[in-house]
Amino acid sequence: MATVKRLLRRNIDVIKSSPLNYDIDAIMKASRMSEIDDLVTARTYGHKDCWAYYRAASSVEYVEKIRKPFLAINAEDDPVTPISGVPKDKFANNPCTALALVKHGGHIGFFTGVMSPKIWYLDPVAEFVSAVLE
């Protein structure tokens, strides 16, 4: 949340000048990401509230329509895309998809190592692409 608040403060002039009349006080008092999504993200993209935005942004309606090889990687500790929202059954029932669930990684934080962290997801992606091309 601290990073999001820092980003909002850094861009406060742009937010204030928007024709959408954002509630700056409520935005700065928000303590959960869903509040920010309700006050900023949903309004920005024309949704009634954060829940309507989450439904529209979800992969739930699209996974079963995927017709080309598709690899999805999701961390169980992802605070933005919680594991409860991943349509595991739809991935399992679509032969064109592969779902890799990992314990840790947060949101797009697939690193390994402490002293000199390396991005690890490139190896499974390369393996997936190689398998598809065989």
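The values are calculated or read from the model by the stated rules, or taken from the named source; none is laboratory data. Computed from a predicted structure; not experimentally measured. Note: ideal-geometry Cβ built from the backbone for every residue, glycine included; neighbour counts use all protein chains shown. Each accessible area value is taken on the protein alone, full model and side chains, heavy atoms only, with ligands, DNA and RNA left out. Shrake-Rupley method; radii C 1.70, N 1.55, O 1.52, S 1.80 Å.
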Count of residues meeting criterion [more than 20 Å from the chain's Cα centre (by Cα) and open to solvent by 100 Å² or more (accessible area, probe 1.4 Å)] in segment 102-122:
3
Could you grab the pairs with beta carbons closer than 8 Å, sequence gap of 6+ or different chains, first residue in segment 15-40 and under 20 Å from Ala52 (Cα atoms), second one surrounded by 13 or more Cβ atoms within 10 Å (Cβ to Cβ) and of a type in the set (Ser, Thr, Tyr)?
Leu20/Thr44; Asp37/Tyr53; Asp37/Tyr54; Leu39/Tyr22; Val40/Tyr22
Here is a check on your reading of the model: is Gly85 among the small types (Gly, Ala, Ser) and surrounded by 13 or more Cβ atoms within 10 Å (Cβ to Cβ)?
yes
With respect to Tyr54, is the statement that it is hydroxyl-bearing (Ser, Thr, Tyr), within 22 Å of Ile36 (Cβ to Cβ) and surrounded by 12 or more Cβ atoms within 10 Å (Cβ to Cβ) true?
yes
What's the total number of residues in segment 27-38 that are over 20 Å from Ala56 (Cβ atoms), open to solvent by less than 30 Å² (accessible area, probe 1.4 Å) and small (Gly, Ala, Ser)?
1
Which of the residues that make up segment 78-134 are polar (S, T, N, Q), farther than 27 Å from Ala57 by Cα and touching a Phe, Trp or Tyr at 6+ places or on another chain (Cβ under 6 Å)?
Thr112
